[in-house]
Amino acid sequence: FVVQPAPAVTYRTIGGILDFYIFLGDTPEQVVQEYLQLVGLPALPAYWNLGFQLSRYGYASLDEVKEIVERNRAVNLPYDAQVIDIEYMEKRKDFTYDKVKFKELPEFAAYLHDYGQKYIIILDPAISTQNLSDGSSYESYRRGTARKVWVNESDGVTPLLGEVIVVLH
Ligand SMILES: *[C@@H]1O[C@H](CO)[C@@H](O)[C@H](O)[C@H]1NC(C)=O
């Protein structure tokens, strides 16, 4: 699609059928309403989603996170969700957690829920190829390889390796 300087758009296609819907509302709001009449209203997000969420990268340990949660509770700061970034993981591996610094992570969700708060866990869309700290194989990588689920290089058969840049504080 190319927007031309004149009020015009050029479409170049290699085939197929294009269906055009044109919304003629006088204002942007009317156009949005007409569009929603066609496609339907979006689902309402969970109510807590609209509340304050505390999210940052770089918590040193679960103790530090809890300290911050407690401090906010002590001053009655209303917030609905606590996010912990990838520092909770063991060596930045999805579906793992650091058994030392984030030892009680499974209990942490219950600790927040008991207070009416939510816990948001961050996952990165990347699976490490390396073993765990104790040398054992990383299950997610092993299973993915066994099932050949990885995105391949353009040769169609070699799993594509990407690089995750980690900025340490
Ligand atoms: C990627 O390559 C493997 C062989 O290494 C193959 O079995 C798999 O089907 C390929 N995946 C895709 C999406 O083409």
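Side notes on the structure shown:
Yes/no matrix, rows are residues, columns are (1) in contact with a Cys (Cβ under 8 Å, 6 or more places away or on another chain); (2) within 30 Å of GLU163 (Cα to Cα); (3) of a type in the set (Lys, Arg):
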residue	(1), (2), (3)
THR27	no, no, no
TYR59	no, yes, no
GLU67	no, no, no
THR96	no, yes, no
LYS99	no, yes, yes
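- Residues (within 30 Å of LYS118 (Cα to Cα) and not hydrophobic (A, V, I, L, M, F, W, C)) located in region 7-47: GLY40, PRO42, PRO45, TYR47
- Among the residues of region 110-169, those that are within 16 Å of the ligand (Cβ to nearest atom), of a type in the set (Gly, Ala, Ser) and in a loop (DSSP other than H, G, I, E, B) comprise SER154, GLY156, GLY162.
- Candidate set from region 86-121 (those that are free of Cβ contacts under 8 Å to residues at least 24 places away in the same chain and among the acidic types (Asp, Glu)); member that is farthest from ILE68 (Cα to Cα): ASP98
- Residue under evaluation LEU44, criteria (1) under 30 Å from ASP134 (Cα atoms); (2) out of contact with any Asp or Glu (no Cβ under 8 Å at 6 or more places or on another chain), criterion not met: (1)
- Filtered by the rule that a residue be in contact with a Phe, Trp or Tyr (Cβ under 7 Å, 6 or more places away or on another chain) and of a type outside the set (A, V, I, L, M, F, W, C), region 88-105 gives TYR88, GLU90, LYS93, TYR97, ASP98.
- Evaluating ALA46 against the criteria (1) at pLDDT 95 or above; (2) surrounded by fewer than 16 Cβ atoms within 10 Å (Cβ to Cβ) leaves one unmet condition, (1).
- In region 76-109, residue surrounded by the most Cβ atoms within 10 Å (Cβ to Cβ) [restricted to those that are part of a loop (DSSP other than H, G, I, E, B) and among the aromatic types (Phe, Trp, Tyr)]: PHE102
The values are calculated or read from the model by the stated rules, or taken from the named source; none is laboratory data. Owing to the predicted nature of the structure, the values given are computational and were not obtained by experimental measurement. Cβ atoms come from the backbone with ideal geometry, glycine included; neighbour counts cover every protein chain shown.
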